[in-house]
Amino acid sequence: MIPYGKQHIDDNDIEAVTSALRSDWLTQGPNVPKFEAALTDYCNSSHAVAVNSATSALHIACLALGVQTGDTVWTSPNSFVASANCAIYCGADVDFVDISLTTGNICISALRDKLSFAERHGKLPKVIIPVHFAGQSCDMQKLSELVKKYNVKVIEDASHAVGAKYNDIPVGSCQYSDVCVFSFHPVKIITTLEGGMALTNNAELANKMRLLRSHGITNNLLEMTSKVHGPWYYEQHQLGFNYRMNDIEAALGLSQLNKLDRLVQQRNKLADMYNRLFGKHKQILPLNIKEYSYSSYHLYVVRIKGLEQIQHAHIINALREQGIFAHLHYIPIYKQPYFSAKYPNIEPLPNTEKYYSEAVTLPIYPEMDESHIAYIVNTLIALVDRENNIVNVQDNIE
Ligand SMILES: *Cc1c(COP(=O)(O)O)cnc(C)c1O
């Protein structure tokens with residue numbers, strides 16, 4: 001079976017992990033700050049806070065920005081549930097902005113309309129979490145100009161987009177956001193097994209997030225609020241969590257970061273091959289990559305037009321039967337039973353619904369080659385043609 005995504009682990013990674021295992025530090029050693037520094041360097045941001053998942057990073061980013069009960073956070077419905085859950089952990093509510101059909105990212109004009117409506121009804125969000133779907137950055141300059149007028153803070157969920165660029169600037173620079181979050185889960189671009197990172201250019205936010213990732217405890221003598229009892233002394237200042245990344249994971253992250261550019265180049269090569277082979281097929285449309293964007297291609301997604309729901313499922317089943325683990329990213333978050341129970345009156349969003357009825361995720365990972373891509377493209381085209389014939393035959397009978 002060709003999986004839809006797969007980690008890339010080589011001998012250098014194994015060497016990095018074993019040497020960290022043989023060192024004196026397994027948890028809070030030198031590799032975590034080294035990995036943080038390497039990533040701020042790579043992204044051209046000022047601060048990085050390594051944590052045990054992107055989910056944790058999103059949670060502490062929301063808390064650091066003051067999200068709490070009574071607040072609302074907006075995000076994309078076309079994402080993994082973690083993009084929305086982080087707000088609910090803080091006691092806030094979530095609402096969703098419709099997407100653009102051709103990119104799967106938040107639609108700027110839908111956002112403009114929703115903001116002006118929310119302002120008139122006194123329901124502006126405190127934070128918006130744009131998701132860089134499949135590895136393509138949202139139009140961050142436009143998004144940031146728009147939300148700034150309403151004093152809305154921005155957390156980029158860049159779980160898919162480490163190694164991507166927006167206007168030639170690395171995603172993670174935080175030029176147009178308060179915080180940017182990466183995931184290092186094995187299915188993403190680079191991995192630390194489980195792991196995540198929150199980047200920011202704001203020292204105060206970075207400090208808050210550092211405190212929150214480790215129980216709300218500080219060892220910094222300058223921050224103590226009581227007289228120091230002795231050399232063992234530390235203080236807990238707020239309710240934090242154990243969200244730390246460990247030193248073994250950070251060692252792997254450092255080693256993976258060395259080949260990030262190469263991995264993303266390889267993904268782009270594979271995506272170009274797909275795009276070329278689908279050519280001008282009138283029903284199978286690859287996602288549109290905007291001129292401002294260099295995608296990291298975490299996912300390779302096509303939309304298949306003109307199919308019934310049952311045919312859409314047929315195609316994904318048939319691909320799997322032929323050894324191609326096709327998938328669908330994502331089920332709109334508001335359709336999840338947890339969210340539809342919590343928000344029974346939520347309105348389905350038109351582009352999100354249409355996108356969900358057409359999207360198929362095809363395999364992409366660095367070890368694939370031309371023959372895999374050709375096989376997948378030919379198989380999919382044959383399946384779509386077969387589904388069309390079935391429809392035509394039925395039309396003739398009726
Ligand atoms: C994977 C993913 C997450 C969660 O990442 P973890 O590191 O597994 O917590 C959050 N948001 C998006 C968009 C993701 O794809």
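The values are calculated or read from the model by the stated rules, or taken from the named source; none is laboratory data. Computed from a prediction, not measured in an experiment: that's the story for all the values here. Cβ: placed from backbone, ideal geometry, glycine included. Neighbour counts: every protein chain shown.
Is it true that G91 is surrounded by 24 or more Cβ atoms within 10 Å (Cβ to Cβ), among the small types (G, A, S) and at pLDDT 95 or above? So G91 fails the test. A count restricted to the stretch 288-300 and to residues that are within 15 Å of the ligand (Cβ to nearest atom) and of a type outside the set (S, T, N, Q) stands at 4. If the condition is being closer than 19 Å to H8 by Cβ, hydrophobic (A, V, I, L, M, F, W, C) and more than 9 Å from the ligand (Cβ to nearest atom), then the stretch 187-201 contributes I189, I190, L193, M197.
Put simply, of L319, L307 the only residue that is assigned to a helix (DSSP H, G or I) and either more than 25 Å from the chain's Cα centre (by Cα) or farther than 17 Å from L101 by Cβ (or both) is L319. Kindly evaluate V147 against the criterion of being within 11 Å of the ligand (Cβ to nearest atom) and over 29 Å from A16 (Cα atoms). When the stated conditions are applied, V147 does not pass them.
Out of all the residues in the stretch 1-29, which are closer than 15 Å to N246 by Cβ and of a type in the set (F, W, Y)? Hit for the stretch 1-29 is W25, nothing else. Would it be correct to say that A198 is farther than 30 Å from K6 by Cβ and either surrounded by fewer than 19 Cβ atoms within 10 Å (Cβ to Cβ) or small (G, A, S) (or both)? So A198 fails the test. For the stretch 327-335, the count of residues that are touching a helix residue (DSSP H, G or I) at 6+ places or on another chain (Cβ under 7 Å) and under 25 Å from Y42 (Cα atoms) is zero.
Could you please let me know if A48 is assigned by TED's automatic domain parsing to the domain that holds V152, in contact (Cβ under 8 Å) with a residue 60 or more places away in the chain and either more than 15 Å from E194 (Cα to Cα) or within 15 Å of the ligand (Cβ to nearest atom) (or both)? Judged against the criteria, A48 is a match. Has the stretch 67-78 got at least one residue that is surrounded by fewer than 24 Cβ atoms within 10 Å (Cβ to Cβ) and in contact with a Lys or Arg (Cβ under 6 Å, 6 or more places away or on another chain)? Yes, there is a match, as at least one residue in the stretch 67-78 is surrounded by fewer than 24 Cβ atoms within 10 Å (Cβ to Cβ) and in contact with a Lys or Arg (Cβ under 6 Å, 6 or more places away or on another chain). Looking across V32, V73, V97, V81, one residue alone is modelled with pLDDT of 95 or more and more than 17 Å from D157 (Cα to Cα). It is V32. Is it fair to say L307 is over 30 Å from V171 (Cβ atoms), hydrophobic (A, V, I, L, M, F, W, C) and at pLDDT below 95? In short, yes. When R276 is tested against (1) not assigned by TED's automatic domain parsing to the domain that holds A359; (2) not in a loop (DSSP other than H, G, I, E, B), just one condition goes unmet, and that condition is (1). Residue count for the stretch 168-186 satisfying the condition of being over 30 Å from A118 (Cα atoms), of a type in the set (S, T, N, Q) and away from the ligand (no atom under 13 Å from the Cβ): 0. Screening the stretch 141-232 for strands (runs of 3 or more DSSP E) wholly inside it with 2 or more residues that are over 19 Å from L257 (Cα atoms) returns the ranges 153-157. Before we move on, is P130 at pLDDT 95 or above, more than 16 Å from the ligand (Cβ to nearest atom) and under 23 Å from Y294 (Cβ atoms)? It is false that P130 is at pLDDT 95 or above, more than 16 Å from the ligand (Cβ to nearest atom) and under 23 Å from Y294 (Cβ atoms).
Just one of the listed residues (Y166, Y176) is in contact with a Phe, Trp or Tyr (Cβ under 7 Å, 6 or more places away or on another chain), surrounded by 18 or more Cβ atoms within 10 Å (Cβ to Cβ) and under 30 Å from L252 (Cα atoms), namely Y166.
Are any of the residues in the stretch 221-233 touching a residue at least 40 places away in the same chain (Cβ under 8 Å), more than 30 Å from D369 (Cβ to Cβ), touching an Asp or Glu at 6+ places or on another chain (Cβ under 9 Å) and of a type in the set (A, V, I, L, M, F, W, C)? No, the conditions are met nowhere in the stretch 221-233. With respect to Y297, is the statement that it is at positive phi and either surrounded by 20 or more Cβ atoms within 10 Å (Cβ to Cβ) or among the aromatic types (F, W, Y) (or both) true? In short, yes.
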